[in-house]
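Here's the structure we're looking at; comments come further down.
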Amino acid sequence: MKVLYIGGYSRSGSTMLLRVLGEATGTVAIGELIYIWERGYLQDQLCGCGERFRRCPFWNEVSQAVFGVPSDKAPGSEMASLQHRVHGYATFPSLWLPALRSPAHRRALGEYGDVVDRMYRAIAEISGAHVVIDSSKVPQFARVLTEVPGLELHVAHLVRDSRGSAYSWQRKKVRTEIHWTTQHMDRHSLLRSSVEWDAFNLLFGVDRERPRSYTLIRYEDLVKDPGPLLASLAERIGEPGIAAELRSTRDEVGLKVSHTVAGNPSRFSSGKTRIAADDEWRTAMPAGHRLFVTAVTAPLLRRYRYPLQVTSRKAARQPVPGVG
C-alpha cells in the first residue's frame with residue numbers, strides 16, 4: 001500500500017500541494033487523516049465535498065469496509081483514545097526511542113497501525129487509486145506510519161520560509177468545516193510558530209532515512225515552477241506515469257471536489273485555481289516580528305537556503321490556495 005505523506009509545518013502550502021497531486025490519475029487526496037477520529041467521527045465536521053462527514057457517501061463506504069458499520073456507528077471515541085495513547089505529546093520520547101516503550105504502548109501502537117493500514121487500503125480500493133496522499137504534516141504520525149508493516153511510506157517534506165509561515169499564523173480566518181457556528185482558525189504567537197517550525201522540520205530531517213523515499217520541497221520553488229518539482233516527486237516515489245502527467249503543471253490548475261478530512265479552508269474550493277506565491281509577509285510583516293522569527297529559526301533557515309536578511313518587495317495579488 002503506497003502512501004505519500006506531506007510533512008512539515010502548517011501554513012506552508014500543504015493543502016495546495018495535496019490538491020494538485022490529487023488531480024493526477026491513480027491518486028486520491030484525503031486531507032489530514034490524523035484528525036479523522038476527532039473532527040470526522042466525533043464532531044461531524046464537513047468533508048471537503050461539502051457534506052457532513054457522517055453523511056458523506058465516500059467515508060461511509062470506508063467505515064463499512066474498515067469497521068463493518070456506517071460512520072455514525074464507528075468507534076470514533078475509542079480510536080481517538082487509542083491515537084492519544086500511541087502518539088500524544090507524552091509519547092514523543094518513546095516514539096523516537098523504541099527502547100523506552102512499555103509493553104502497553106507497543107500493543108497500542110500495533111493495534112493503531114493495523115486500523116490505519118486498513119483505512120488506507122479501503123480508501124485506495126473505494127477510490128480506485130493506488131497512491132493515497134495524506135497531508136497530516138505532523139512528524140509523530142509519520143513516525144508511526146514508518147512502523148506499519150506492509151505500508152510503503154513516501155515523505156514529501158514541504159518547507160516554507162519561517163517568516164511567511166509565522167505571518168500566516170497571525171491571520172484571522174474562518175473555519176469553513178465548523179458548520180454549526182462561526183469559528184476562526186487558531187492564531188499562534190510568533191514564539192510558538194517559530195519554535196514549532198524548528199521542531200517539525202528538524203524531526204523530519206532526522207527521520208529522512210526511515211520512509212521508502214524522502215523528498216525535500218521548498219514552497220517558494222514549488223509555486224515558481226510547479227511542473228518539474230511535482231514530476232520529480234512522482235518519479236522518486238516510483239510513479240513515472242504520474243510524473244509525466246504532472247510535468248505540464250503550470251500556474252493554473254483545475255481542481256475537482258475532493259473528500260478531504262481536514263485542512264486549510266481552501267480544500268473546499270474547486271474549479272480553476274491559480275498557483276501564485278503568497279509573499280504578503282515581505283511587505284506587511286512588522287520589521288521587529290521578522291527579526292524575531294529570523295533569530296529563532298536562523299540555523300534551519302540557513303540549512304534550507306533562505307537568506308537571513310530579507311528585502312521587501314511587492315506582495316503577490318493572489319495567495320496560493322492552502323497557505324492561509
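The values are calculated or read from the model by the stated rules, or taken from the named source; none is laboratory data. The structure presented is a predicted model; accordingly, all values stated were derived computationally and were not measured. Cβ sites come from the backbone with ideal geometry, for glycine too, and all protein chains shown count toward neighbours.
Things to note:
- Top-ranked residue in the range 1-60 [being within 12 Å of the chain's Cα centre (by Cα) and under 22 Å from ARG85 (Cα atoms); ranked as surrounded by the fewest Cβ atoms within 10 Å (Cβ to Cβ)]: TYR35
- Filter result (without any contact (Cβ under 8 Å) to a residue 12 or more places away in the chain and surrounded by 14 or more Cβ atoms within 10 Å (Cβ to Cβ)) within the range 222-237: GLU235
- Search result, residues across the range 119-140 that are outside any helix (DSSP H, G or I), more than 11 Å from GLY22 (Cα to Cα) and either in contact with a Lys or Arg (Cβ under 7 Å, 6 or more places away or on another chain) or charged (D, E, K, R) (or both): HIS130, LYS137
- Answer residue from the range 180-195, given it is among the β-branched types (Val, Ile, Thr) and loosely packed, with under 11 Cβ neighbours inside 10 Å and is modelled with the lowest pLDDT among those: THR182
- Residue check for GLY110: out of contact with any Asp or Glu (no Cβ under 6 Å at 6 or more places or on another chain), crowded, with 19+ Cβ neighbours inside 10 Å, under 30 Å from THR27 (Cβ atoms) and at pLDDT 95 or above: no
- The set of residues in the range 86-105 being surrounded by 11 or more Cβ atoms within 10 Å (Cβ to Cβ), aliphatic (A, V, I, L, M) and closer than 16 Å to ALA199 by Cα consists of LEU95 alone.
- Filtering LEU222, LEU229 for residues that are in a helix (DSSP H, G or I), closer than 15 Å to VAL20 by Cβ and within 17 Å of the chain's Cα centre (by Cα) leaves a single hit, LEU222.
- Looking across the range 196-219, the residues that are in contact with a strand residue (DSSP E or B) (Cβ under 7 Å, 6 or more places away or on another chain), in a loop (DSSP other than H, G, I, E, B) and surrounded by fewer than 18 Cβ atoms within 10 Å (Cβ to Cβ) come down to ARG208, ARG212.
- Test for ILE242: is it in contact with a Leu (Cβ under 7 Å, 6 or more places away or on another chain) and either buried (at least 22 other Cβ atoms within 10 Å of the Cβ) or not charged (D, E, K, R) (or both): no
- Residue in the range 265-286 that is surrounded by the most Cβ atoms within 10 Å (Cβ to Cβ), counting only those that are hydroxyl-bearing (Ser, Thr, Tyr) and either without any contact (Cβ under 8 Å) to a residue 24 or more places away in the chain or more than 29 Å from ALA231 (Cα to Cα) (or both): SER270
- Some residue of the range 262-279 being basic (Lys, Arg) and either assigned to a loop (DSSP other than H, G, I, E, B) or modelled with pLDDT of 95 or more (or both): no
- Residues of the range 250-264 that are more than 25 Å from ARG212 (Cα to Cα) and either surrounded by fewer than 19 Cβ atoms within 10 Å (Cβ to Cβ) or polar (S, T, N, Q) (or both): ARG250, ASP251, GLU252, VAL253, GLY254, LYS256, VAL257, SER258, ASN264.
- Subset of the range 287-324 that is assigned to a loop (DSSP other than H, G, I, E, B), loosely packed, with under 11 Cβ neighbours inside 10 Å and at negative phi - its residue that is modelled with the lowest pLDDT: ARG317
- Flag if ALA234 is outside any loop (DSSP other than H, G, I, E, B) and farther than 22 Å from ARG302 by Cβ: yes
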